[in-house]
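To keep things clear, I will list the structure first and then write my remarks on it.
The values are calculated or read from the model by the stated rules, or taken from the named source; none is laboratory data. Computed from a predicted structure; not experimentally measured. Note that each Cβ is placed from the backbone with ideal geometry, even for glycine, and that neighbours are counted across all protein chains shown. We work out accessible area using only protein heavy atoms, side chains counted, and drop any ligands, DNA or RNA first. Shrake-Rupley method; radii C 1.70, N 1.55, O 1.52, S 1.80 Å.
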Amino acid sequence: SPTRRLFSTSRFSPKSPLCSLSSNNNQLIQALCKQGNLKHALQVLSQEPNPTQRTYELLILSCVGRNSLSDGLRVHRHLSDDGSDQDPFLATKLINMYSELDSTDDARKVFDKIREGTIYVWNAIFRALTLAGEGLEVLGLYRQMNRTEIRSDRFTYTFVLKACVASEPSPELLTKVKEIHAHILRNGFESQVHIMTTLVDVYSWFWCVCYAAKVFDKIPVKNVVSWSAMIACYANNGKPFEALELFREMILETNDSFPNSVTMVSVLQACAALAALEQGKVLHGFILRRSLDSILPVINALVTMYGRCGKLELGQRVFDQRKEKDVVLWNSLISSYGIHGFGHKAIQIFKEMIDNGVSPSHVSFGSVLGACSHAGLVEEGKMLFESMVKEHGMSPTAHHYACMVDLLGRANRLDEATKIVEEMRIEPGPLVWGALLGSCRIHCNVDLAERACRRLFELEPTNAGNYVLLADIYAQADMWREVKRVKKLLKARGLQKVPGRSWIEIERKLHSFMSVDEFNPHYEQLHALVFKLSMEMKEKGYVPRTDVVLYKLDEEEKERIVLGHSEKLAVAFGLINSNHGEPIRVTKNLRLCEDCHTFAKFISKFAEREVLIRDVNRYHHFQDGACSCGDYW
């Protein structure tokens with residue numbers, strides 16, 4: 001390039017002996033760098049009055065290879081002394097070097113000192129600051145660059161888009177993303193698959209699934225990365241149905257672009273969310289055929305998928321077949337046993353992990369504390385929580401405190417749970433106050449619920465679930481005037497309760513049900529069956545729990561409402577459409593209500609069927625009239 005030629009021209013006559021000596025020194029330095037002898041190369045550099053651009057480039061790369069910041073600073077000083085730090089090519093290399101050596105301040109000094117930066121210099125500093133998590137600084141520099149004559153290229157847009165997700169999501173940052181999106185369109189980069197795929201990822205980070213889908217649909221030629229990005233967007237934003245549908249579309253439309261390990265992780269995540277066991281097994285077969293079973297993130301996703309689909313033994317088998325296990329894989333297994341209520345087994349696996357030389361992570365403690373909570377292992381949970389600091393030198397996060405509040409609260413030790421909140425070393429956030437509110441609902445503690453809600457309404461003013469829980473607690477306490485007040489508040493703020501939804505997989509096809517879904521062709525048939533079963537089970541002792549209805553209605557109307565709950569409809573669909581002896585597996589998007597819990601216990605005995613229902617918190621395994629949770633959930 002002209003820049004490279006300008007800054008590599010010798011200052012000596014080609015016939016001068018000094019020029020010959022300089023050439024020999026440059027060749028020697030370059031050879032030493034290639035041999036990995038940086039120390040000797042730096043000694044020769046001190047004797048070289050005119051290092052070439054190539055010499056400096058190899059020295060900089062050698063500093064990165066040796067991970068030596070001190071040597072990097074030495075080379076930088078030499079560059080500054082002879083003015084070569086004004087070479088845009090070498091300035092770019094210096095910025096990249098400092099980024100690799102985790103010295104962002106020095107990278108910024110290089111950028112600030114150069115008088116005429118090219119787009120490559122700008123891109124280098126954008127990349128360095130983004131990797132360092134300085135997203136807002138990148139956006140400020142990007143505005144500054146747009147006031148110059150330098151024009152963005154495809155790398156610029158990629159770096160500044162990634163800068164938008166280097167900080168916590170906010171409405172202001174989303175506005176910046178939309179502005180950058182507009183720049184991309186105005187400058188004709190909408191056909192660049194790499195830029196548009198990054199844009200899909202960024203909109204996914206901001207939970208803007210519709211925007212991401214529109215961008216994805218307009219990508220003219222999609223590759224496996226763009227397909228995977230959109231599938232991940234659906235899977236990570238609570239749209240597992242759409243993730244699986246898009247995966248099927250990918251398989252049908254792409255001939256030369258097979259799903260890779262990244263794709264499979266997202267699709268397995270979608271199967272786990274829906275408890276789509278049969279589809280998960282098909283994917284497992286695909287993974288084996290494509291030899292993706294050696295990739296650790298895929299193994300982690302398989303263990304999680306089987307655990308969340310209610311097949312712990314298959315998840316355990318996948319885990320056991322893997323020789324090298326990292327902390328993420330151990331966490332997947334601990335969490336799987338935890339959501340099934342096997343607290344002692346989860347603790348045993350946690351201890352095995354440590355015995356195998358794998359240090360627990362924050363996620364490990366979150367998983368094992370959650371397992372203790374589901375199983376009511378209060379003392380074990382307290383000891384594990386204390387061991388975080390005493391034995392492992394880890395500071396508990398808000399998630400760990402929330403687990404402890406949940407553990408104590410479920411056990412009706414609300415005074416201890418409150419004490420933990422009051423003595424926290426960090427500010428209690430929505431997770432902690434939400435855990436306390438959930439415990440108040442279980443034990444109908446109105447005063448403490450009101451205290452928790454005062455904070456939650458400040459921290460999460462648009463979370464309808466908190467209002468619904470408070471109304472539920474008031475209803476349990478027969479405080480109907482307060483129930484009406486909370487509902488008015490919910491309506492005044494334009495919030496709506498998340499509707500209950502359940503789904504079941506029959507012959508690899510997913511069927512979804514809602515409490516009020518008159519467009520479902522099976523609606524009348526299923527309601528009739530649930531009503532018939534309830535009548536027959538009443539003779540065996542079933543009494544509908546109408547107290548879960550948050551309306552002041554007569555008992556007959558309340559009973560009609562509870563019999564229409566989505567999980568009952570899904571169980572009824574399973575009874576009709578599955579073979580006798582097959583387990584009925586249902587997934588619910590909210591907490592399983594007390595009446596549906598009782599109904600499922602009776603069904604498991606009355607119809608002689610194994611029923612598994614996974615709600616938002618845990619698995620309930622119903623068999624012969626009993627539940628694996630021991631009515632503790």
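When Gly370, Gly338, Gly366 are checked against the criterion of being surrounded by fewer than 24 Cβ atoms within 10 Å (Cβ to Cβ), touching a helix residue (DSSP H, G or I) at 6+ places or on another chain (Cβ under 8 Å), within 25 Å of Gly315 (Cα to Cα) and outside the structural domain of Val611 (by the TED database), Gly366 stands alone in meeting it.
Going by what's in this entry, would Asp478 be described as assigned to a loop (DSSP other than H, G, I, E, B), open to solvent by 20 Å² or more (accessible area, probe 1.4 Å), at pLDDT below 95 and closer than 16 Å to Ala570 by Cβ? So Asp478 does not fit the description; no.
Residues are listed down the side, and each one gets a yes or a no for (1) open to solvent by 10 Å² or more (accessible area, probe 1.4 Å); (2) within 21 Å of Arg143 (Cα to Cα):
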residue: Phe159; (1), (2): yes, yes
residue: His183; (1), (2): yes, yes
residue: Phe189; (1), (2): yes, yes
residue: Ile195; (1), (2): no, yes
residue: Leu199; (1), (2): no, yes
residue: Trp205; (1), (2): yes, no
residue: Cys210; (1), (2): yes, no
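Looking only at segment 579-605, residues that are farther than 30 Å from Leu437 by Cα and within 34 Å of the chain's Cα centre (by Cα) come to 3 in all. Name the residue that is nearest to Asn237 (Cα to Cα), counting only residues in segment 574-622 that are in a strand (DSSP E or B) and of a type in the set (Phe, Trp, Tyr). Here the residue is Tyr619. Only a single criterion out of (1) part of a loop (DSSP other than H, G, I, E, B); (2) closer than 30 Å to Pro461 by Cα; (3) touching a His at 6+ places or on another chain (Cβ under 8 Å) is not satisfied by Ile426, namely (3). The set of residues in segment 41-92 that are of a type in the set (Gly, Ala, Ser) and on the phi > 0 side of the Ramachandran plot contains only Gly83. Selection of segment 506-552 for residues being in contact with a strand residue (DSSP E or B) (Cβ under 7 Å, 6 or more places away or on another chain) and either in a helix (DSSP H, G or I) or of a type in the set (A, V, I, L, M, F, W, C) (or both) yields Leu510, Phe513, Met514. Counting the residues of segment 582-628 that are open to solvent by less than 10 Å² (accessible area, probe 1.4 Å), within 27 Å of Leu377 (Cβ to Cβ) and of a type outside the set (D, E, K, R) gives 13. Looking at segment 393-418, which of the residues that are exposed (fewer than 15 other Cβ atoms within 10 Å of the Cβ) and out of contact with any Leu (no Cβ under 9 Å at 6 or more places or on another chain) is farthest from Ala449 (Cα to Cα)? So, considering only residues that are exposed (fewer than 15 other Cβ atoms within 10 Å of the Cβ) and out of contact with any Leu (no Cβ under 9 Å at 6 or more places or on another chain), the one farthest from Ala449 (Cα to Cα) is Gly393.
Do the conditions hold for Ala301, that is, is it crowded, with 18+ Cβ neighbours inside 10 Å and at pLDDT below 95? Considered against the rule, which asks whether it is crowded, with 18+ Cβ neighbours inside 10 Å and at pLDDT below 95, Ala301 comes out as no. Any residue in segment 165-173 that is open to solvent by less than 40 Å² (accessible area, probe 1.4 Å) and more than 19 Å from the chain's Cα centre (by Cα)? Yes, the conditions are met somewhere in segment 165-173.
Report yes if some residue within segment 134-157 is on the phi < 0 side of the Ramachandran plot, touching a His at 6+ places or on another chain (Cβ under 7 Å) and surrounded by fewer than 20 Cβ atoms within 10 Å (Cβ to Cβ); otherwise report no. Checking segment 134-157: at least one residue is on the phi < 0 side of the Ramachandran plot, touching a His at 6+ places or on another chain (Cβ under 7 Å) and surrounded by fewer than 20 Cβ atoms within 10 Å (Cβ to Cβ). Under 9 Å between Cβ atoms, at least 6 apart or on separate chains: pull out the pairs that start in segment 413-440 with a residue that is under 19 Å from Ala471 (Cα atoms) and end on any residue that is open to solvent by less than 20 Å² (accessible area, probe 1.4 Å) and outside any helix (DSSP H, G or I). As it stands, the answer is Leu436/Pro428, since those pairs meet every condition given. Among the residues of segment 535-549, none qualifies, meaning not one is under 28 Å from Val486 (Cα atoms) and open to solvent by 100 Å² or more (accessible area, probe 1.4 Å).
Looking only at residues in segment 507-534 that are within 30 Å of Ala471 (Cβ to Cβ) and among the polar types (S, T, N, Q), the one that is least open to solvent (accessible area, probe 1.4 Å) is Ser534. Reported count of residues in segment 305-333, each being open to solvent by 50 Å² or more (accessible area, probe 1.4 Å) and either touching a His at 6+ places or on another chain (Cβ under 7 Å) or part of a helix (DSSP H, G or I) (or both), is 6. Asp85 meets each of the listed conditions (1) over 19 Å from Gln27 (Cα atoms); (2) in contact with a Gly (Cβ under 9 Å, 6 or more places away or on another chain) apart from (2).
Apart from one condition, Arg77 fits all of (1) farther than 30 Å from Leu174 by Cβ; (2) part of a helix (DSSP H, G or I); (3) open to solvent by less than 30 Å² (accessible area, probe 1.4 Å); the exception is (3).
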